[in-house]
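Remarks on the structure that follows.
The values are calculated or read from the model by the stated rules, or taken from the named source; none is laboratory data. Worth saying up front: this structure is predicted, and the values here are computed from it rather than measured. With ideal geometry, Cβ positions are generated from the backbone for all residues, glycine too; neighbour counts draw on all protein chains shown.
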Amino acid sequence: MAVERRTVDLSGYPDLVVIYLGMRVKTWSGLMTAIGFGPKIQASVGAAPDGLLLHETFVLSLLPLHTGMRQYWRDWDALERWARSEPHRVWWQTFLKDSGGTGFWHETYFMRGGIEAIYDDVPSPIGMMKFAPLKPARGPMFSARSRAARGGEAPEAAVTEKELYGG
C-alpha cells in the first residue's frame, strides 16, 4: 500500500512566523527555573494571545534538561506585540538580569523570507550556532526586529542595550 502524502495550504497565512524557543539547564538551580516556567508558559498560552495560532512543547534532552517550544504566529507584529507585553516582558527583564542557571535561545523563521536568532547564556552550540559565525548581540544585532531586518518602529524594549550593558 502506498504512503498517504499530504501537505498544507498556507495561502491564508502569507505573513506566518514560526519561532522555536528553548531553555537548557546549566546548574541545579536552573532545574527549578525551568520547572517553574512550565505553568507560567501554559497560563500565558491558555490566555490565547492575539495572533498565536499554535503552541507545542517538546523535550530536546533529559540530561541536561533542555526543553523547547514551537509557536506559529499569524504575523511578526502579533509576535512582537506579545513579546513586549506582560507577562513576557517581565520574564525577559528577569532573565537578562540573572539567567537563573539556564540558557535560553530562539530561532525565528518568516514565511516572506528571513531568519533571526538569539542565544543567551547557552553553554554549548545548538541550532545555527553549530555552523554560522557567532557575533555579539550588540548594536544592530541587539533586537530581534533589527536581526530580522523588519522595517518600522519597534515597540519599547523590555530591556534596552544601555540598561543591560551600561554606557
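So which of D50, D77 ends up being in contact (Cβ under 8 Å) with a residue 24 or more places away in the chain, within 22 Å of E153 (Cβ to Cβ) and in a loop (DSSP other than H, G, I, E, B)?
D50 is the lone residue from the list that is in contact (Cβ under 8 Å) with a residue 24 or more places away in the chain, within 22 Å of E153 (Cβ to Cβ) and in a loop (DSSP other than H, G, I, E, B).
Residue by residue through the range 23-40, note down the ones that are touching a residue at least 60 places away in the same chain (Cβ under 8 Å) and among the basic types (K, R).
Result: R24, K26.
How many residues does the range 117-149 hold that are modelled with pLDDT of 90 or more, in a helix (DSSP H, G or I) and loosely packed, with under 12 Cβ neighbours inside 10 Å?
Residues meeting the conditions: 1.
Among the numbered criteria (1) in contact with a helix residue (DSSP H, G or I) (Cβ under 6 Å, 6 or more places away or on another chain); (2) touching a residue at least 40 places away in the same chain (Cβ under 8 Å); (3) not β-branched (V, I, T), which single criterion is violated by Q93?
(1) is the only condition that Q93 fails.
Check whether at least one residue in the range 40-60 is surrounded by fewer than 13 Cβ atoms within 10 Å (Cβ to Cβ) and among the aromatic types (F, W, Y), and report yes or no.
Yes, the range 40-60 contains a residue that is surrounded by fewer than 13 Cβ atoms within 10 Å (Cβ to Cβ) and among the aromatic types (F, W, Y).
Taking into account only those residues within the range 91-116 that are among the β-branched types (V, I, T) and more than 17 Å from S29 (Cα to Cα), which is surrounded by the most Cβ atoms within 10 Å (Cβ to Cβ)?
The residue in question is T108.
Can you pull out the residues in the range 80-109 that are modelled with pLDDT under 95, outside any helix (DSSP H, G or I) and charged (D, E, K, R)?
Hits for the range 80-109 are R84, E86, D98.
Among the candidates A137, A149, A117, A157, which residue alone is in contact with a Phe, Trp or Tyr (Cβ under 9 Å, 6 or more places away or on another chain) and more than 27 Å from V59 (Cα to Cα)?
A157
Yes/no matrix, rows are residues, columns are (1) closer than 26 Å to F110 by Cβ; (2) more than 17 Å from the chain's Cα centre (by Cα); (3) part of a loop (DSSP other than H, G, I, E, B):
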position	(1), (2), (3)
L10	yes, yes, yes
D15	yes, yes, yes
V18	yes, no, no
G22	yes, no, no
G30	no, yes, no
L54	yes, no, no
T57	yes, no, no
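Can you name the number of the only condition in (1) buried (at least 18 other Cβ atoms within 10 Å of the Cβ); (2) in contact with an Asp or Glu (Cβ under 9 Å, 6 or more places away or on another chain); (3) within 23 Å of S29 (Cβ to Cβ) that A158 fails?
Unmet condition: (2).
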